[in-house]
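For reference, the structure discussed in these notes is given below.
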Amino acid sequence: MNTFTSADVAVMAGVPMVLTYRIPETLRVMNGSRVVVPLRNAQKVGVIVETKEVQEDRPELKEIIEVIDAEALIPQELLDLLLWTSRYFHARPGETIALAFPPNLRRAKKTGRKSREAKPSDNSPLQAASPSPITHTPEQTTAINEITEALAGHRFSSFLLHGITGSGKTEVYLASAIKTLEMGRSVLYLVPEIALTPQTIAMIQRRIPYEMAVIHSGLTPAARAKEFMKICAGRAPIVLGTRSAIFAPLTNLGLIVVDEEHDHSYKQDEGVTYNARDLGLLRAKNNHAVIILGSATPSIEIYSKMAEKKIRLLTMSSRTGDASLPCVEIIDMKGEKDPISPRLSEAIEATLAKNEQVLLYINRRGFSAALVCPGCGTTLKCTSCDRSLTYHRKKAQGLCHYCGYTLPVPEICPRCGCLDMKMVGLGTEKILHSVKKLFPDARILRMDSDEITTSGRLYAALESITRREVDIIVGTQMISKGHDFPDLTLVGVMHAEQMLFMPDFRAGERTFQQVVQVAGRAGRRAADTRVMIQTLIPDHPLIQSIATYDYQSMLASELTIREATVFPPYVHMSRCIFSSPHSDAARKAASLAAETVNIRGVSIRGPAPAPVSLLRNKYRWHLVLTSRERPKLHASLDLVERLQLPAGVNMKIDVDPYSMT
């Protein structure tokens, strides 16, 4: 019997498992290196995940065709994390491992890379330290000292840095990063959105004299490959990026920073539904590293871990310098016809008179949320989704924000012929229109994903604000977090209750987070600043908590509701969505899945139509599974995964879901 070496390969294609291949004696492979393998009648790129000696005849095994990389591009620690991610999120291993590679390197393209051993990373500074001495507040000093002690111990430690907006959390991150780099270890710094990267890059370059790599989805494939190879070669000991940077191929990782840890952008909604924040905790643990989770409005799931003593709390309750949190005024909008109340209009006028800046925030694009006929009640809807069309005045069309379908706005109701279609609800365009009428001489900037379509436009917009070329900013959540504009002294929040009644158990928490975060954009350099919140429900307990920045009040209220209704953090949750061009087929598949899950200790909600029951011409039904025991929940998902679904029915498993639509 011949002995040979085989390799388990995760093929970066639609393959549900790793495949085993024979390694020709002429080839040298290692875990983490890319190879070309035969698959059906084609050649595909995969990654070696394991090699082993085989002492049996396996004539059916095909041979690896080519080894692309002389050395592994991803370290074993990262490979193990990716395989864990595949198992935990019930995703295909090849699809998961592909997340670590730039698009250009998911093909059979050689890198020309020399081995890490041939060119080790020396973590050498590029220049002298910052010439400007930094004076830390007592709270910053306490936080930095505790984190430094953990770094020196080379042990896994996790910190929740709960600091109000403007308290100087970023300086804690940067000081901790410098300590880590001076110890010869690497740093991974995550931010939730591309919009925050220019500002963060500038701060890091001012404070940290080490080569940096940047990873986010706004980079071209060539630029992303270049940054990836810089990390692989050990030339960039600090990596800044958004969600996907959690898979950066850093070695000797010492510190992970997750800024705005509460932000839902860390959760991937399509494909592999991983959460970069949660993977950061695991990656830090695997590397005996320190992780800092920072937020002014921590997620309830993370905050609740402190009760289990899994995370240490560091609190920063004061703003740096002479600044203080802005005073909050609640404006009752009942009976108001205009989107900008007289009280807010007066405040804007006074702010502009002082040559200061204003931010008006509404979390909706377009001019109005819907077009409704007052005669028959018909709402213009998307033909492919169960959603109303948002009216975009600039384009004179209705737009579906889910699939992109557009419809020229009809002059008459298509059902009854009424000549007076009504616009319902608010959006950035409508606020912009009102502001221009009230303040025709003001310089106004609109910041939403309709207007800011490229990273170049984003950088230009942020620069124009900083250079004082803008008086009033009208924006969505794109502008609501992380940014520091010294001359911004008034924030107006429009339609504050907009998210509160969404079909999502996190609606209250998210409303609090978004409004408090946008309120935090004001008053970072001055004491006399204001936040004005317009709402139809001024007496709602959540609105009152926002008005006093009372996180503990919101937390207590939300935990009471979730315990009574059995939602996270009191249980673990997964969601299974079944979609098909035929509603009955999706319903039957969901019902079959519900019947299949018969494990004691697992509760099933549904099957039921998903809140968005029709999306891109596919009907959607879902199940929500919950359990207090995580292994039982995954055992249930294993049963669902093994179902033989009819042709035309797709299934998506979302573990620890953030979106309930």
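The values are calculated or read from the model by the stated rules, or taken from the named source; none is laboratory data. Computed from a predicted structure; not experimentally measured. FYI the Cβ positions are ideal-geometry reconstructions off the backbone, even for glycines, and counts take in every protein chain you see. Note: areas computed on protein heavy atoms with side chains; ligands, DNA, RNA excluded. Shrake-Rupley method; radii C 1.70, N 1.55, O 1.52, S 1.80 Å.
Brief remarks on what is shown
- The conditions of being surrounded by fewer than 21 Cβ atoms within 10 Å (Cβ to Cβ) and either touching a Gly at 6+ places or on another chain (Cβ under 8 Å) or modelled with pLDDT of 90 or more (or both) are not met by ILE533.
- Some residue of the stretch 369-384 being surrounded by 18 or more Cβ atoms within 10 Å (Cβ to Cβ), in a loop (DSSP other than H, G, I, E, B) and touching a Phe, Trp or Tyr at 6+ places or on another chain (Cβ under 6 Å): yes
Here's the yes/no breakdown for (1) crowded, with 16+ Cβ neighbours inside 10 Å; (2) of a type in the set (A, V, I, L, M); (3) under 28 Å from ARG620 (Cβ atoms):
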{"site": "ARG387", "(1), (2), (3)": "yes, no, yes"}
{"site": "GLY398", "(1), (2), (3)": "yes, no, yes"}
{"site": "TYR402", "(1), (2), (3)": "yes, no, yes"}
{"site": "TYR405", "(1), (2), (3)": "yes, no, yes"}
{"site": "VAL435", "(1), (2), (3)": "yes, yes, no"}
{"site": "LEU438", "(1), (2), (3)": "no, yes, no"}
{"site": "ARG446", "(1), (2), (3)": "yes, no, no"}
{"site": "GLU451", "(1), (2), (3)": "yes, no, no"}
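- Flag if VAL9 is of a type in the set (A, V, I, L, M) and open to solvent by less than 10 Å² (accessible area, probe 1.4 Å): yes
- Among all residues of the stretch 331-352, there is at least one that is part of a strand (DSSP E or B), open to solvent by 50 Å² or more (accessible area, probe 1.4 Å) and closer than 26 Å to VAL515 by Cα.
- Residues of the stretch 156-189 that are in a loop (DSSP other than H, G, I, E, B), within 23 Å of THR297 (Cα to Cα) and at pLDDT 95 or above: none at all.
- Taking residues in the stretch 212-227 that are over 14 Å from GLU193 (Cβ atoms) and open to solvent by less than 70 Å² (accessible area, probe 1.4 Å), and partners anywhere that are in a helix (DSSP H, G or I) and polar (S, T, N, Q), the pairs with Cβ atoms closer than 8 Å and at least 6 places apart or on different chains are MET212/GLN205; PRO221/ASN104; ALA222/ASN104; ARG224/ASN104; ALA225/ASN104.
- Among the residues of the stretch 61-96, just one is more than 23 Å from the chain's Cα centre (by Cα), over 22 Å from THR111 (Cβ atoms) and open to solvent by less than 40 Å² (accessible area, probe 1.4 Å), namely LEU61.
- Which listed residue is touching a Leu at 6+ places or on another chain (Cβ under 9 Å) and open to solvent by 40 Å² or more (accessible area, probe 1.4 Å), from ASN2, ASN41, ASN31: ASN31
- Cβ pairs under 9 Å, 6+ apart, first in the stretch 60-86 and within 16 Å of ALA7 (Cα to Cα), second crowded, with 21+ Cβ neighbours inside 10 Å and of a type in the set (S, T, N, Q): LEU83/THR96
- Pairs where the first residue, in the stretch 36-55, is under 13 Å from ARG107 (Cβ atoms) and in contact (Cβ under 8 Å) with a residue 60 or more places away in the chain and the second is assigned to a loop (DSSP other than H, G, I, E, B) and not charged (D, E, K, R), C-beta under 6 Å, 6+ apart: VAL36/ILE65; VAL36/ALA108; VAL45/MET12; VAL45/ALA108
- Inside the stretch 615-634, residues that are open to solvent by 40 Å² or more (accessible area, probe 1.4 Å) and touching a residue at least 24 places away in the same chain (Cβ under 8 Å) make up a count of 9.
- When the stretch 286-308 is filtered for residues that are within 22 Å of the chain's Cα centre (by Cα), assigned to a loop (DSSP other than H, G, I, E, B) and more than 15 Å from GLU558 (Cβ to Cβ), the ones remaining, listed by number, are ALA296, LYS305.
- Conditions (1) open to solvent by 10 Å² or more (accessible area, probe 1.4 Å); (2) farther than 24 Å from ARG185 by Cβ; (3) touching a Lys or Arg at 6+ places or on another chain (Cβ under 9 Å); number of the one not met by HIS288: (2)
- VAL612 vs. criteria out of contact with any helix residue (DSSP H, G or I) (no Cβ under 9 Å at 6 or more places or on another chain), open to solvent by less than 60 Å² (accessible area, probe 1.4 Å) and of a type in the set (Val, Ile, Thr): yes
- Hey, ILE256 in a helix (DSSP H, G or I), farther than 25 Å from LYS109 by Cα and open to solvent by less than 10 Å² (accessible area, probe 1.4 Å) or not: no
- Matching residues in the stretch 569-584 - criterion: being in contact with a strand residue (DSSP E or B) (Cβ under 8 Å, 6 or more places away or on another chain) and crowded, with 17+ Cβ neighbours inside 10 Å: VAL571, HIS572, MET573, SER574, ARG575, CYS576, ILE577, PHE578, SER579, SER580
- For the stretch 261-279, the tally of residues that are among the basic types (Lys, Arg) and more than 15 Å from GLY294 (Cα to Cα) stands at 1.
- Selection within the stretch 149-167 - farther than 28 Å from ASP322 by Cβ and open to solvent by less than 30 Å² (accessible area, probe 1.4 Å): ALA150, LEU151, SER157, SER158
- Test: residue in the stretch 201-212 that is hydrophobic (A, V, I, L, M, F, W, C), closer than 20 Å to VAL290 by Cβ and in a loop (DSSP other than H, G, I, E, B): yes
- Of the helices (runs of 4 or more DSSP H) entirely within the stretch 54-155, those holding at least 1 residues that are over 27 Å from ASN252 (Cβ atoms) and at pLDDT 90 or above occupy 93-97, 138-152.
This table checks each residue for (1) surrounded by fewer than 21 Cβ atoms within 10 Å (Cβ to Cβ); (2) farther than 25 Å from THR320 by Cβ.
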| site | (1), (2) |
| --- | --- |
| SER480 | no, no |
| PRO486 | yes, no |
| PHE505 | yes, yes |
| GLY508 | no, yes |
| THR529 | no, no |
| ILE543 | no, yes |
